[in-house]
Amino acid sequence: MLLNKENITEIIPQKAPFVMVDNLISADENGFKSSFQVRNDNIFFKDKKLQEPALIENIAQTVAAGFGYVDRQTGGEPKIGFIGAISKLKVHVLPTLNSEITTIVKHLYQFENVYLVKGENFCENQLLVECEMKIVVQ
């Protein structure tokens, strides 16, 4: 594990109660992997399930944590990024309380400071949400 929930907010811009990633598991040139536990105090926990905005935000925060970690490893500071577009969004299943979500983000394409990534959330190997995001990094 590269970062845990005690220090993840050092490299992502989000603060409680809007942090949707607990641990950064891996980060390399191919992509990033994170984990996140569904808790009942999450602002997107409704009707006994974590709602899709949290899962989409989890993918975006996995990207932020991954890029931030890589920036720190190369002597830089984490940069701010923005979601430019979300496409190919498919919601398969919403996770329940205490579920452990694993998120995998793969780099698909880069042009200057714009990145196209594919993100997928899993719970016990079941695909929850998948999408592509264009991320613009300042």
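Coordinate-derived values only; no laboratory data. Computed from a prediction, not measured in an experiment: that's the story for all the values here. Every residue, glycine among them, receives a Cβ derived from its backbone with ideal geometry; neighbour counts consider all protein chains shown.
See the values below:
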{"quantity": "Taking Thr102, Thr9, Thr74 and counting other C-beta atoms within 10 Å, the order from fewest to most", "calculated": "Thr74, Thr9, Thr102"}
{"quantity": "Most mobile of Gly75, Gly31, Gly119 in a GNM of the chain (Cα contacts under 10 Å)", "calculated": "Gly75"}
{"quantity": "Of Leu89, Leu24, Leu128, the one that fluctuates the most in a GNM where the chain has Cα springs shorter than 10 Å", "calculated": "Leu89"}
{"quantity": "Relative exposure of Val136, Val105, Val117, Val19, judged by other C-beta atoms within 10 Å (fewest first)", "calculated": "Val136, Val19, Val117, Val105"}
{"quantity": "Simple spin-label estimate for Met1 and Asn125 in nanometres, 7 Å along Cα-Cβ", "calculated": "2.3 nm"}
{"quantity": "Vicinal HN-Hα couplings computed from phi for segment 13-18 (Karplus, 6.51 cos²θ - 1.76 cosθ + 1.60; Hz; Gly/Pro x)", "calculated": "x, 6, 10, 4, x, 9"}
{"quantity": "Exposed-loop-free span, longest in the chain, where trypsin sites (Lys or Arg not before Pro) count as exposed if DSSP calls them loop and at most 15 other C-beta atoms lie within 10 Å", "calculated": "80-138"}
{"quantity": "For the chain: relative contact order, % (alpha-carbon pairs under 8 angstrom, 6 or more apart)", "calculated": "24 percent"}
{"quantity": "Where Cα atoms sit under 15 Å apart: lysine pairs in segment 77-138 separated by 8 or more or lying on different chains", "calculated": "7"}
{"quantity": "Which of Ala60, Asn23, Pro13, positive extreme of dipole for segment 1-108 (C-beta unit charges)", "calculated": "Ala60"}
{"quantity": "20 °C / 1.002 mPa s Stokes-Einstein diffusion coefficient of segment 8-137, Kirkwood radius on C-alpha pairs, µm²/s", "calculated": "147 µm²/s"}
{"quantity": "Gain upon complete extension [Gln138, Gln37; 0.36 nm per residue less C-alpha separation]", "calculated": "33.4 nm"}
{"quantity": "Residue of Gln61, Gln51, Gln126 that the Gaussian network model of the chain assigns the largest fluctuation, springs spanning Cα pairs under 10 Å", "calculated": "Gln126"}
{"quantity": "³J(HN,Hα) computed for each position of segment 47-53 - Karplus, 6.51 cos²θ - 1.76 cosθ + 1.60, integer Hz, glycine/proline x", "calculated": "6, 6, 9, 7, 7, 4, x"}
{"quantity": "Interchain or long-range residues, amide H under 5 Å from Leu108's placed H", "calculated": "Leu116, Val117, Lys118"}
{"quantity": "Computed lengthening from Gln51 to His107, 0.36 nm per intervening residue step minus Cα-Cα distance", "calculated": "17.7 nm"}
{"quantity": "Difference of contour (0.36 nm per residue) and Cα-Cα distance, Asp28 to Ala16", "calculated": "1.7 nm"}
{"quantity": "Proximal charge balance of Thr74 [Cβ under 13 Å; K/R count +1, D/E count -1]", "calculated": "-2"}
